[in-house]
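Student: My questions will all concern the structure given below.
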Amino acid sequence: MSDPISDAKNDAAGGHGKLKQKKYERELARLHVELVKLQQWVVHKGLRVCIIFEGRDGAGKGGTIKAMTERVSPRIFRVVALPAPTEREKSQMYAQRYLPHLPAAGEIVIFDRSWYNRAGVERVLGFCTEDQAKHFLEMVPIFERVVVEDGIILLKYWLEGSCPTWI
């Protein structure tokens, strides 16, 4: 039995697993229109949207974010890619460095990596202890519940290879 998702992907891609350039450009143009509609809706309703992109290096986070933001207002869609923490930030509560970047009414903030660095990159590279990573994993659901209960729409994506999926 064939996989309907793979079949649909291959059909759209001309059977080769990769979109043809013209089809890609048409689809991207259509999606840009939808993103502009989203932007107008967020502003009109005074919504706050936070989009997190996480994933392996080379998975397409930067390219996806660039494609999403090339036709929308940078005053509405704001991209945050924090550098390594300063010594001062290292002494603060971990989530504290992300709080100033959360969206206000009528804004969409896109994090190119986020607080999940603590459980991923920082843990693997030895920038945090196992206890700090464990504490993070215990606290992040509480932190995100507070963010969502305050009215922020939180969307999280994990990209691996060329296939974006929900976290």
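The values are calculated or read from the model by the stated rules, or taken from the named source; none is laboratory data. Fair warning: this is a prediction, and the values are worked out from it, not measured in the lab. No Cβ is skipped: glycine too gets one built from the backbone with ideal geometry, and neighbour counts run over all protein chains shown. Protein only, heavy atoms only, side chains kept; ligands, DNA and RNA dropped before computing areas. Shrake-Rupley method; radii C 1.70, N 1.55, O 1.52, S 1.80 Å.
Student: As a quick test, which of the pairs K20/K66; K45/K134; K61/K90 have an alpha carbon distance above 28 angstrom in this structure?
Tutor: Violating the 28 Å limit, Cα to Cα: K45/K134.
Student: Okay, moving on. Summing +1 for each Lys or Arg and -1 for each Asp or Glu, what net charge is found among the other residues whose Cβ lies under 12 Å from the Cβ of Q39?
Tutor: Charge balance in the 12 Å sphere: +3.
Student: How do T64, T129 stack up against each other in accessible area, from largest to smallest, with a 1.4 angstrom probe?
Tutor: Result, largest first: T129, T64.
Student: How high is the relative contact order of the chain, in percent, with contacts defined as C-alpha pairs under 8 Å that are six or more residues apart?
Tutor: With pairs under 8 Å counted, the relative contact order is 31 percent.
Student: Taking square-rooted eigenvalues a ≥ b ≥ c of the alpha carbon gyration tensor, is the range 19-167 rounded, prolate or oblate, where a/c under 1.5 means rounded and, failing that, a/b exceeding b/c means prolate? Don't skip to the answer; put the middle values down first.
Tutor: On the way: a/c = 2.26, a/b = 1.44, b/c = 1.57.
Oblate is the answer for the range 19-167, as a/c is 1.5 or above yet b/c matches or exceeds a/b.
Student: Excluding residues on the same chain fewer than 8 positions from K18, give the lysines whose Cα lies under 16 Å from its Cα.
Tutor: K9
Student: Moving on to the next point. Restricting to DSSP loop positions (anything but H, G, I, E, B) with no more than 12 other Cβ atoms inside 10 Å of their own Cβ, which trypsin sites (Lys or Arg not before Pro) remain in the range 69-114?
Tutor: R75
Student: Compute the Rg/Rh shape ratio of the range 90-167: radius of gyration over Kirkwood radius, all on alpha-carbon atoms.
Tutor: 0.97
Student: Could you compute the net charge surrounding V72? Neighbours are other residues with a C-beta less than 12 Å from the C-beta of V72; K and R count +1, D and E count -1.
Tutor: Numbers: positive: K37, K66, R71, R75, R78; negative: E34, E70, E107.
Here the count lands on +2.
Student: Sequence neighbours fewer than 8 away in the same chain don't count; with that in mind, list the aspartates and glutamates whose C-alpha is under 12 Å from K23.
Tutor: Cross-link targets: D11.
Student: Pull up all non-local amide H partners of I110: gap of 5 or more, or a different chain, and H-to-H distance under 5 Å with H placed in the peptide plane.
Tutor: Residues meeting the amide H criterion: I51, R78, V79, V80.
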